[in-house]
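The values are calculated or read from the model by the stated rules, or taken from the named source; none is laboratory data. From a predicted model like this one, the values you see are computed outputs, not experimental measurements. Glycine also receives a Cβ, built like all others from the backbone with ideal geometry; neighbour counts cover every protein chain displayed.
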Amino acid sequence: MNKPTINDTDAVFQAGATIGTYLSQAITEIDKQLGEGYAEKHPELIAECVRSQTMDFNSTALTAVLYEIRDVLETRNDAKL
């Protein structure tokens, strides 16, 4: 994973597109699993799915960064030996 190159303004607009994607995916999956129209009748379930998607993304991104840090530290330790 590389260092982000997006500026603050673009990040704000990207966030809206991301949440739109999460909402669409949540509604599609809820209706697929529980029946057409179920998501519309249960907005709290949509909210929880979006929250779950966000947490999953954050966990994945954090894990990638932690592995990068580990790799750098291992490289530095190997260079000292």
Query raised in the report: So which residues in the stretch 3-31 are of a type in the set (A, V, I, L, M) and either assigned to a helix (DSSP H, G or I) or within 14 Å of the chain's Cα centre (by Cα) (or both), if there are any at all?
Result: ALA11, VAL12, ALA15, ALA17, ILE19, LEU23, ALA26, ILE27, ILE30
Requested in this report: Six or more apart or on different chains, Cβ under 9 Å: which pairs go from a residue in the stretch 43-60 that's in contact (Cβ under 8 Å) with a residue 24 or more places away in the chain and among the charged types (D, E, K, R) to one that's part of a helix (DSSP H, G or I) and surrounded by 10 or more Cβ atoms within 10 Å (Cβ to Cβ)? Could you list them?
Outcome: none
Report summary line: By residue number, the members of the stretch 26-74 that are surrounded by fewer than 10 Cβ atoms within 10 Å (Cβ to Cβ) and among the polar types (S, T, N, Q) are GLN33
Requested in this report: Return yes or no: is MET1 modelled with pLDDT of 85 or more, surrounded by 10 or more Cβ atoms within 10 Å (Cβ to Cβ) and of a type in the set (A, V, I, L, M, F, W, C)?
Outcome: no
